[in-house]
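The values are calculated or read from the model by the stated rules, or taken from the named source; none is laboratory data. Keep in mind the model is a prediction, meaning the values are calculated, not measured. Using ideal geometry, Cβ is built from the backbone for each residue, glycine included, and neighbour counts are taken over all protein chains shown. Just so you know, the surface numbers come from the protein's heavy atoms only, side chains and all, with ligands and any DNA or RNA stripped out. Shrake-Rupley method; radii C 1.70, N 1.55, O 1.52, S 1.80 Å.
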Protein chains: 2
Amino acid sequence: MPAKFDRATFEQLLLKRFFFAPAFGIYGGVAGLYDYGPPGCALQANLLQLWRQHFVLEEDMLELDCSIMTPADVLKTSGHVDKFTDWMCKDVKTGEIFRADHLVEAVLEARLEGDALARQAEGSGSSAPATTIDAVKDGKDKKSKSKSKKPGKVAAVKLADDVRESYRSVLAQIDNYDGEGLAQLIEQFAIKSPETGNDLTAPTEFNLMFESSIGPTGHLKGYLRPETAQGQFLNFKRLLEFNNDRMPFASAQIGRSFRNEISPRSGLLRVREFTMAEIEHYVDPANKDHPRFEEVRGQKVRLLPANVQLDGRSDLLEITVGEAVDKKIVDNQTLGYFLARIHLFLVRIGIKPDRLRFRQHLSNEMAHYACDCWDAEIHTSYGWIECVGCADRSAYDLTVHSARTKEKLIVRESLPEPRVFQRWQIEINKKVFGPAFKKHAKQVEEALTSLTECELETLKTRMDEQGGKSTITTPSGDEYEVTSEMFTIEHATITEHVREYTPNVIEPSFGIGRILYSLMEHVYWTREGDEQRGVLSFPTVVAPIKCLVQPLSNNKVFTPFLGDIASRLRRQGISNTVDNSSVSVGRTYARNDELGTPFGITIDFQTVQDQTVTLRERDSTLQIREKVGVAAYAVAVHVVLR
Amino acid sequence: MPAKFDRATFEQLLLKRFFFAPAFGIYGGVAGLYDYGPPGCALQANLLQLWRQHFVLEEDMLELDCSIMTPADVLKTSGHVDKFTDWMCKDVKTGEIFRADHLVEAVLEARLEGDALARQAEGSGSSAPATTIDAVKDGKDKKSKSKSKKPGKVAAVKLADDVRESYRSVLAQIDNYDGEGLAQLIEQFAIKSPETGNDLTAPTEFNLMFESSIGPTGHLKGYLRPETAQGQFLNFKRLLEFNNDRMPFASAQIGRSFRNEISPRSGLLRVREFTMAEIEHYVDPANKDHPRFEEVRGQKVRLLPANVQLDGRSDLLEITVGEAVDKKIVDNQTLGYFLARIHLFLVRIGIKPDRLRFRQHLSNEMAHYACDCWDAEIHTSYGWIECVGCADRSAYDLTVHSARTKEKLIVRESLPEPRVFQRWQIEINKKVFGPAFKKHAKQVEEALTSLTECELETLKTRMDEQGGKSTITTPSGDEYEVTSEMFTIEHATITEHVREYTPNVIEPSFGIGRILYSLMEHVYWTREGDEQRGVLSFPTVVAPIKCLVQPLSNNKVFTPFLGDIASRLRRQGISNTVDNSSVSVGRTYARNDELGTPFGITIDFQTVQDQTVTLRERDSTLQIREKVGVAAYAVAVHVVLR
C-alpha cells in the first residue's frame, strides 16, 4: 500500500464516478447492500469474462446456472441450517448488536494502537496499523450515503508488555474462537459496548441465511443460497452423465449469493448480497493428482500455513507449488494446482503479487464441510482480506445429500482387471426366518447383516461347534437363538468388475466484489500536479472502457470524425465512450483517468485538415499524433494483445 | 408450430441433454424452480451477450447491477406491496390452491375442446386447441422430476351455440377480470375444483413477492425484487449525472428477479425465479420522439391492439412501425422504435417471425405503474406467451419515489432562449401573518399559496373592490378574514432560464427464460430416418457449442489432431467440445444434433495420412473433406460472419 493512501479520497472517487454506490441511497441505504454503476458493472463483466476464459474454457468445466431460492430441507442436510452461523452480542442497555469476533478484534487493535501512540510519545517509535470502528447501522443512519469508516477514539494508553503480547497472540488466531472462547475474551479483557461503555450479553449464535417461504401455503420454508455450491452438488449425477461418465471433471457457477451479515461495515468487503464464482472439481479420493500439475509446478506462491499462525506469527513462506506439495505443506496436487491458477488469475487482472498471500485455515475457523482450506488473501487498507477460498470439501456434501435422498451420488469405474477376492458373507433364508421371528424378524435380520466379516467368521465357527446353533444380540440388547437353517455363512469368491466411490471435491470459491474492491485499491494512485488527480491504472483487459473519443469543442465540424472513430473501434469490439460535454480537454482527461480509461483520442481542427488525431496514454500521459485509422488500429492492437 | 410437435418427446430431449432440469430434483423438486445445465447455461450466456450488443452497446445505455434484496419501504412506495398480487382460490375441502384466472381459463378451454370433439363426432369438423391441466404441486410430488403436463380429462360434451360464444368472449379478455369478476365467472359457469369437483372459495389476493428480513434484529422487512427496474429508478440522479446531464438516455440491467407464483405450471414459462433484462429509457414527456426512429420506420410488425381484443377478436394487423405511430395505433416514436428493435432481436436469435406478435394490454390487465403496454408474444405449444413487455410507465415511478424521499428526481434543461412570461403570484408578509393567525397561520398560508393563478387574480380584484379585505376558506372549511397588509398579490414578470421536468420512462422488459424456451420450440424438428432423431437448429450465434471435434475411435494416433483442432478453434474464440467417448460417429452426431451444435469435425485414419478431416453441417448433414486448417477456418469464418 502506498504510504499516502487516503481511503476517504479514494472512496469519494469511486462514488463520484459511480463505480458503486450504497443501494437504496435515496431511502437512506441499507448496510451491506450496494449497486454497481456503469463503470463498476463493466469492470465486473470484464473480470467475469476473463474468469470464464481462465478457468471454465481452459479446462472444459461444465457451467451451471442454478436456483437461488433453496428449500430448507437441502440446507438442513448440507449443515447450513445448523452451522452457518456467526456469534453476536448485544449492548445490554441499548440493544445494539455486534458481531462478537469483529468487536473483540476492533477493540484489541484499538488498544494496541493506543499503546503504540503512548510508546511513540515516550520516544520508542514503534507503530501499529490504524484501526477504525464505524457506526453505520441498518436503516438508522438516514443520510449516511457513504459507508466510509470514521475512526473511533483511540486513547494513547501504554499496555504492559505481557498484555500487549497476549493481545497480539489473540489477534493472530481470532478466527479460531467459538462462542465460549469469545465470551471468555470479552470478560478477560473487559470489553464493553464501544460507544456507550455498557456491558455486553454473552455471544449467541445467529444464522446467516435469509429465510423466506415458497408458494402460497406458507408451509414450504426456503432460504436464499449462501453459496452456489449446493446447486452444483445436487446436479452431480446429471453432470457426470453429461461428461460421459469420465473423471476427474469440474462444474462451475457464477451467480448471486446471500449472507445476512450481523453488522456489515467495511464497504464492499462485507456485504449481504454478492456475486460469487465457484468451481467444484470432483476427484478420486484415492488419487488427488492433477493431470496438468506439471504446467504450474514452478509457479511461486506466498503461503501462511496453519502451524505458523498457531505460533502467533505471520511471516510468509515463498515457495513453488511443486515444492509445497512435495513437502506436504499443501495436501495434494489438485489443491496446489488451483492455488497456482488462482495466483495467475489475480495477478493477470492487476492484483499486486507482493500484496497477495495464501493463508491456511485454522481448524476451528474451517467451514463445517471442509477438511482443509487455503484462502487467497489480498492486502488492502482494511488489512489482509479473504478473496478466494480454496477448500477441500472431501466427500462431505455428496455423502450427506445421498444419505438424505437415497440417490446414489457416486462414480462407477470399470476396473482394467477384475478384482477377485474372498469375503465372508451371509445369506438369509427368508422362508424360515420370517415365521421363526415374526415381528422381530427385521430386527434380527439387521443384527445379522450388520456383522463385520470377522464377526461372521466367528459366528460360523461357533455354530459349527455348537451343532448349528448360536445366539445373536440386537442393538437394543435383546438376545435371540438362531439355527443354521435360517441362513448360510460362507467364504465366497467375489469378482468385481466395477469400483464405486464418492468423489472428493476441491472448491475454489471467488468473492467477486472483494476482488473488485481490492483491485481498485491496488491500481489507484495520485498524479502530482496543480491539483492532485486520482488515476485508476486498470490493466487494459479489465478496464471498464478502453478508449475515450472526444472533440476539442462542440463545433459541428468534429461530429463526423467522432462517429467514424467510434464505429471503427466498435467494429473491433473495443468499448469506447464519446464525450462531447462542453468541458475542457484537460478536464475530460482527468475524468477518464478516474474512470481508468487507458486511451484517449482527441479530434481538433488539424484533424479536419489532415485526418490526424491525438492519441493519449493514461499512465504516462504521453501523446502522439497519428492518422485516424492508425490511432484506432493502435488502440485495437493494444487491447487485443493484452 | 409443426403439426406433429410432440411436447413430451421434446422436453425429454431437453432434460436428457441437460438444457435444464427441475431444481432440487433429487429432493423431489419445487414447482417453478429450474437449473440450467451446461448447454442451457451457454445458450443463455450467448443470448445475453447478443442482447448487450443489440441494445446496450448500440445505444450507449448505462448498465447497472443492483441489489436484489430490497427494503419494504421502496416497494411500498412503488406500489408493489399493495398491488403486485394475483387472485387465488382454494378447494373448500382439500385446501388445494389455484390461481383463479388460470383455473377459469383452463376449465373453459377444456369445455370448448369437449364441445369441438362432440361436434366432430357429429361430423361438423370444427376444432379447438388442445388444453391440459397438470397437477404438480410444491414438494408433494416427490418423484415427478419432469413437470410435463398430463392432459386432464376432456369430456365430449356439446355446448349451446350462445354458451360457446360467451366462453370464447371471456377467454379473449381473460386478463381483464379482477377478483369480483373472476368470482362471478366461477359462479356463472359453475367452475369447481378440477380433480375433486368440490366448491371453490371466493378469490382472494396473494402478494407475489418473496418476503424476508434484513439484519439480526428482525425489524427491517425486505422483499426479493420482482423486477430489476426499481434499482434503476432509485439511481436516476447518479445516472443522469454520469450521462453529463444529457437527455434522452437509457439505463439497463440484466439480473435475477423473483415472483412467488401461486401455482406455477407450464415448465420454464412460469417460474418463481428468473433472469430478466430490462431497459429504462428516459424521455421528455413533451417529446417522445426517438432520434433513431427513421432507421426502423419501415420495419414491419404484427400487432393485436386492445380494441380488437375487446371486440373478442384476435386477428393481427401487419403494419410498419412508421404507419402504426403515424396512425396513433402505437402511441409514440420511442415505443414504436423499441417494438421494432425487439422484433429484430428476437428474429436474429431464431424466433420465427410468423409466430411473433405484439399484443396491447387491456386497461385492467396493465401493471399498476403503466399507462400503455405492448407485449411481444411468441407462439408455442402452450399458446401465445408474453416474452417481452414494452410498457410506458410515464413518470409514475420517479414521481412516487421523489415524493416519498423528498429527493428531486428531475431533469433541469437550460432553455436556448430564456422564457419570459407574466404570472400572478403571492408573497406572504410573515411579520403580520403570524401574529394575526397564531396557531392557524400555517393552515391559512397553505390555503393562500395553493390558490391557482386564476383564483389569485380573482382574490386581488375582490380585495381591491372591498377596501383591502376579503375572506379565505381553508381545505377543512374554516373561514378567515384577510387584509392587504398580510400579503402582496401581483402580476409579476418571470424570466425562466431552466425548465424542470420529471422524465417519462419507456420500459422494454425481457423474460430471458421464456424467450429461451420458445426459441428451443421454434428450432426443434425431427429428422426422418431409421430412428426419428431430434435436432435443435439454433442459429450459430446462439448455439451453445459451435463445433464438435471427435476421433473415429479411441486409437491414440488421433489424440494430437484433437488437441490441434481444438486449440485452433479456441484461438478464434470458437467454443468447441472434444468428444472421445467410445461410441460410434453416428451416435455422436445424433447427440450433437440434439445439443444444436452446428458443425462437426471428425478425425479418421485418412487424417493421419493426409491431414484432411470431415466437416459436417448439422441441418443438411452434408459432409466435405478438407485440410485440418481449412476446416477449422471455415467454421471460424461461418461463426464470425453470422
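A count restricted to segment A:565-581 and to residues that are open to solvent by 30 Å² or more (accessible area, probe 1.4 Å) and closer than 20 Å to residue B:53 by Cβ stands at 9.
Please tell me if residue A:624 is out of contact with any Lys or Arg (no Cβ under 7 Å at 6 or more places or on another chain), open to solvent by 50 Å² or more (accessible area, probe 1.4 Å), under 30 Å from residue A:50 (Cβ atoms) and β-branched (Val, Ile, Thr). Yes, satisfied. With respect to the conditions (1) touching a residue at least 24 places away in the same chain (Cβ under 8 Å); (2) of a type in the set (Gly, Ala, Ser); (3) closer than 19 Å to residue A:289 by Cα; (4) crowded, with 20+ Cβ neighbours inside 10 Å, residue A:376 falls short on a single one, namely (3).
Which ones in segment B:564-596 are under 37 Å from the mean Cα position of the chain (by Cα), within 14 Å of chain A (Cβ to nearest Cβ) and in a loop (DSSP other than H, G, I, E, B)? Once the filter is applied, which keeps residues that are under 37 Å from the mean Cα position of the chain (by Cα), within 14 Å of chain A (Cβ to nearest Cβ) and in a loop (DSSP other than H, G, I, E, B), segment B:564-596 yields B:572, B:573, B:574, B:575. For segment A:493-515, the count of residues that are open to solvent by less than 40 Å² (accessible area, probe 1.4 Å) and over 43 Å from the mean Cα position of the chain (by Cα) is at least one.
Among the conditions (1) more than 14 Å from every other protein chain (Cβ to nearest Cβ); (2) surrounded by fewer than 20 Cβ atoms within 10 Å (Cβ to Cβ); (3) assigned to a helix (DSSP H, G or I), the only one that residue A:607 does not satisfy is (2). Among all positions in segment B:269-284, there is no residue which is open to solvent by 50 Å² or more (accessible area, probe 1.4 Å), under 17 Å from residue B:339 (Cβ atoms) and not in a helix (DSSP H, G or I). Here residue B:226 clears all of (1) under 27 Å from residue B:365 (Cβ atoms); (2) outside any loop (DSSP other than H, G, I, E, B) except the condition numbered (2).
Within segment A:308-324, is even one residue within 24 Å of residue A:54 (Cα to Cα) and either within 14 Å of chain B (Cβ to nearest Cβ) or touching a residue at least 60 places away in the same chain (Cβ under 8 Å) (or both)? The answer is no; no qualifying residue exists.
Scanning segment A:331-343 for any residue that is touching a helix residue (DSSP H, G or I) at 6+ places or on another chain (Cβ under 6 Å), within 30 Å of residue A:498 (Cβ to Cβ), more than 14 Å from chain B (Cβ to nearest Cβ) and modelled with pLDDT under 95 turns up nothing. Among residues of segment A:392-405 that are within 12 Å of chain B (Cβ to nearest Cβ) and open to solvent by 20 Å² or more (accessible area, probe 1.4 Å), those with a Cβ under 9 angstrom from a residue that is of a type in the set (D, E, K, R) and assigned to a helix (DSSP H, G or I), sequence gap 6+ or separate chain, pair up as A:404/A:73; A:404/A:76.
Residues checked against (1) within 7 Å of another protein chain (Cβ to nearest Cβ); (2) open to solvent by less than 10 Å² (accessible area, probe 1.4 Å):
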site	(1), (2)
B:5	no, no
B:21	yes, yes
B:45	no, no
B:54	no, no
B:64	yes, yes
B:87	no, no
B:91	no, yes
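Which one of the conditions (1) touching a strand residue (DSSP E or B) at 6+ places or on another chain (Cβ under 7 Å); (2) more than 7 Å from chain B (Cβ to nearest Cβ); (3) buried (at least 20 other Cβ atoms within 10 Å of the Cβ) does residue A:59 fail to meet, given that it meets all the rest? The failed condition is (3).
Applying the criterion of at least 1 residues that are free of Cβ contacts under 8 Å to residues at least 60 places away in the same chain to the strands (runs of 3 or more DSSP E) found wholly in segment A:441-520 leaves A:469-473, A:479-483.
Applying the selection to segment A:234-254, what residues are in contact with a strand residue (DSSP E or B) (Cβ under 7 Å, 6 or more places away or on another chain) and either more than 8 Å from chain B (Cβ to nearest Cβ) or charged (D, E, K, R) (or both)? A:238, A:240, A:243, A:247, A:248, A:249, A:250, A:251, A:252, A:253, A:254, listed by residue number.
With the condition kept exactly as written, say whether any residue in segment B:262-274 is free of Cβ contacts under 8 Å to residues at least 60 places away in the same chain and facing chain A (nearest Cβ under 9 Å). For segment B:262-274, residues free of Cβ contacts under 8 Å to residues at least 60 places away in the same chain and facing chain A (nearest Cβ under 9 Å): absent. Examine segment A:395-403 for a residue that is modelled with pLDDT under 95 and not in a helix (DSSP H, G or I), and state whether such a residue exists. For segment A:395-403, residues modelled with pLDDT under 95 and not in a helix (DSSP H, G or I): present. Does residue B:18 fit the bill of being modelled with pLDDT of 95 or more, part of a loop (DSSP other than H, G, I, E, B) and over 25 Å from residue A:215 (Cα atoms)? Answer is yes for this residue.
Restricting to segment B:184-217, and then to whatever is without any contact (Cβ under 8 Å) to a residue 60 or more places away in the chain and in a helix (DSSP H, G or I), can you tell me which residue is farthest from the other protein chains (Cβ to nearest Cβ)? My answer is B:188.
Counting only strands (runs of 3 or more DSSP E) that fall entirely inside segment A:36-122 and contain at least 1 residues that are over 23 Å from the mean Cα position of the chain (by Cα) and either modelled with pLDDT under 90 or of a type in the set (D, E, K, R) (or both), the qualifying elements are A:85-90.
Of the residues making up segment A:404-427, those that are under 30 Å from the mean Cα position of the chain (by Cα) and part of a strand (DSSP E or B) number 1. Any residue that is of a type outside the set (Ser, Thr, Tyr) and assigned to a strand (DSSP E or B) - is there at least one of those in segment B:325-339? No: segment B:325-339 contains no residue that is of a type outside the set (Ser, Thr, Tyr) and assigned to a strand (DSSP E or B).
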